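Q: Handing you this structure, nothing more for now.
The values are calculated or read from the model by the stated rules, or taken from the named source; none is laboratory data. From a predicted model like this one, the values you see are computed outputs, not experimental measurements. Virtual Cβ from ideal backbone geometry, glycine too; neighbours counted across all protein chains shown.
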Ligand SMILES: [Zn+2]
Ligand SMILES: [Zn+2]
């Protein structure tokens, strides 16, 4: 019997995004076989990838015990929110260094990878990627080529978020 997964406000469905998977592996933090492990990035001295249960991530015990972080946040965000995102939220694996997007002063909810088709359905996300690539010095033609080549399951891909405050769709791609 497995209990329902803990809720992660910044990563609402880590099973759907693929970083939490069913497993009979015992968690290195609580020592229990809980039915699921987290397979995303873990920044810690120990090799903990695939060896932590989602409950020990949610309550901060794994981060505390191993001085582990699960993602990186580049933008300014209040410390309590920063800790909630980096220490108590499952991360995700990016092709390059992953970034947690911030909007309205708080971390956005990570919803998974997206390709051109998924972004087109969310024009705010499409425009966010286009604007960022444009700021990176790409020509309009390069930007459109990159956008069109985005693939949910391949490379290049986009990482889709939604602001938890204003519901705006956000995204970035590895190339930016
Ligand atoms: Zn555990
Ligand atoms: Zn917002």
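Yes or no, residue by residue, for (1) without any contact (Cβ under 8 Å) to a residue 60 or more places away in the chain; (2) closer than 19 Å to residue 110 by Cβ; (3) surrounded by fewer than 18 Cβ atoms within 10 Å (Cβ to Cβ):
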| site | (1), (2), (3) |
| --- | --- |
| 4 | yes, no, yes |
| 14 | no, yes, no |
| 26 | yes, no, yes |
| 30 | yes, no, yes |
| 37 | yes, yes, no |
| 45 | yes, no, yes |
| 54 | yes, yes, no |
| 59 | yes, no, yes |
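Q: Additional query: Those residues that are assigned to a loop (DSSP other than H, G, I, E, B) and either more than 16 Å from ligand 2 (Cβ to nearest atom) or closer than 14 Å to residue 43 by Cα (or both), I need them from the range 73-90; list them, please. Walk me through how you get there before you give the answer.
A: First, the residues of the range 73-90 that are assigned to a loop (DSSP other than H, G, I, E, B): 73-78, 88-90.
Passing the criteria: 73, 74, 88, 89, 90.
Q: Sticking with this structure for a sec: Take the range 42-58 and flag every residue that is closer than 13 Å to residue 86 by Cα and outside any loop (DSSP other than H, G, I, E, B). If you could, list the steps in order and put the result at the bottom.
A: Going through the range 42-58, the residues closer than 13 Å to residue 86 by Cα turn out to be 42-44, 57-58.
Residues satisfying the conditions are 43, 57, 58.
Q: Going by the structure shown, is residue 58 within 16 Å of ligand 1 (Cβ to nearest atom), over 15 Å from residue 20 (Cα atoms), modelled with pLDDT of 95 or more and in the same structural domain as residue 25 (by TED's automatic domain parsing)? Before you say what the answer is, go through the steps one by one.
A: Details: within 16 Å of ligand 1 (Cβ to nearest atom): yes; over 15 Å from residue 20 (Cα atoms): no; modelled with pLDDT of 95 or more: yes; in the same structural domain as residue 25 (by TED's automatic domain parsing): yes.
No: the conditions fail for residue 58.
Q: Here's a follow-up. Got at least one residue in the range 115-129 being touching a helix residue (DSSP H, G or I) at 6+ places or on another chain (Cβ under 7 Å), at pLDDT 95 or above and closer than 16 Å to residue 19 by Cα?
A: no
Q: Can residue 93 be described as part of a loop (DSSP other than H, G, I, E, B) and surrounded by fewer than 21 Cβ atoms within 10 Å (Cβ to Cβ)?
A: Details: part of a loop (DSSP other than H, G, I, E, B): yes; surrounded by fewer than 21 Cβ atoms within 10 Å (Cβ to Cβ): yes.
Yes, satisfied.
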